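Novice: Take a look at this one; I'll ask things after.
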Amino acid sequence: MSIRQHPRVRALARRHVGLLLRRAKTWANVDSALRLLAEDSHRSPAFGRCADPLLDLLYWQPFVRWAQSHFGFAPAGEAATVPPEPVLALVEEYRTGDAPPRPLLKRMRYDRLDERSGGGIVPWSAEALRGVLSGAPTIAVLPANGALESDLDLALRVASELGESLPILSDTHLTRLLQALRGPETELTQVNAVP
């Protein structure tokens, strides 16, 4: 029996799972810490919240759904907080192009939202993603400074998996579309509403 498999070593590691998570530098580290937490019959995970609404919808909540279904956490007495920062640090490596997408994508589970979003023509944001996840027709308008291509690619992948579409347009392209539909004098005056 290896030292890592010894019951006392695993019990010690379970008591310090928060430290293991904070020090996680790879997806395997995160998985190992969550596996230890799943073995603990006295504690259950309490997943923290992500402060950024777009990162929360696109990365953190799908990871939480995957972890809950993959590890089958049993409800127990004391809650062990699972902070989003170690996972978001690994997500950031993907977002900047420093890590391949596969390890991230296999740890994501996207579902339709229970709440209904109005959809429509909205700025690229959590609101646009919420529209797609709730099944509402949505067109995302890019900000003038653009958006991370990896976020856009993942949003398009998610929309496709859910049987939805997510047109993503710049202000210029949206104005051209409106002019083609309503005449050359049409101007884009507000992103949240069609003029």
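The values are calculated or read from the model by the stated rules, or taken from the named source; none is laboratory data. If you're wondering where the values come from, they're calculated on a predicted model, not measured in any experiment. Neighbour counts run over all protein chains shown; Cβ positions are idealised from the backbone, glycine included.
Novice: For region 173-192, does any single residue satisfy the condition of being closer than 20 Å to Leu55 by Cα and assigned to a loop (DSSP other than H, G, I, E, B)?
Specialist: No; the residues of region 173-192 include none that is closer than 20 Å to Leu55 by Cα and assigned to a loop (DSSP other than H, G, I, E, B).
Novice: Next question, about the same structure. Do we find a residue being in a helix (DSSP H, G or I), out of contact with any Ser or Thr (no Cβ under 6 Å at 6 or more places or on another chain) and not polar (S, T, N, Q) anywhere in region 109-125?
Specialist: No, every residue in region 109-125 fails to be in a helix (DSSP H, G or I), out of contact with any Ser or Thr (no Cβ under 6 Å at 6 or more places or on another chain) and not polar (S, T, N, Q).
Novice: Look at Arg176 and say whether it is charged (D, E, K, R) and at pLDDT below 90.
Specialist: Yes, satisfied.
Novice: Moving on to the next point. Scan region 50-103 for residues that are over 23 Å from Leu19 (Cβ atoms), surrounded by fewer than 16 Cβ atoms within 10 Å (Cβ to Cβ), more than 11 Å from the chain's Cα centre (by Cα) and among the charged types (D, E, K, R) and jot them down.
Specialist: Scanning region 50-103 gives Asp98, Arg102.
Novice: Further question on the same structure: Please go through region 151-172 and give me each residue that is of a type in the set (Ser, Thr, Tyr) and not in a helix (DSSP H, G or I), ordered by number.
Specialist: Ser165, Ser170
Novice: Which residues, taken from region 104-125, are buried (at least 16 other Cβ atoms within 10 Å of the Cβ) and within 23 Å of Gln68 (Cα to Cα)?
Specialist: Hits for region 104-125 are Leu104, Arg107, Met108, Tyr110, Leu113.
Novice: While we're looking at this one, here's another question. Filter region 49-88 down to residues that are without any contact (Cβ under 8 Å) to a residue 24 or more places away in the chain and of a type in the set (A, V, I, L, M) and give me whichever is nearest to Glu39 (Cα to Cα).
Specialist: Per the criteria, the residue is Val64.
Novice: Has region 143-150 got any residue that is touching a strand residue (DSSP E or B) at 6+ places or on another chain (Cβ under 9 Å), assigned to a helix (DSSP H, G or I), under 18 Å from Leu54 (Cβ atoms) and among the aliphatic types (A, V, I, L, M)?
Specialist: For region 143-150, residues touching a strand residue (DSSP E or B) at 6+ places or on another chain (Cβ under 9 Å), assigned to a helix (DSSP H, G or I), under 18 Å from Leu54 (Cβ atoms) and among the aliphatic types (A, V, I, L, M): absent.
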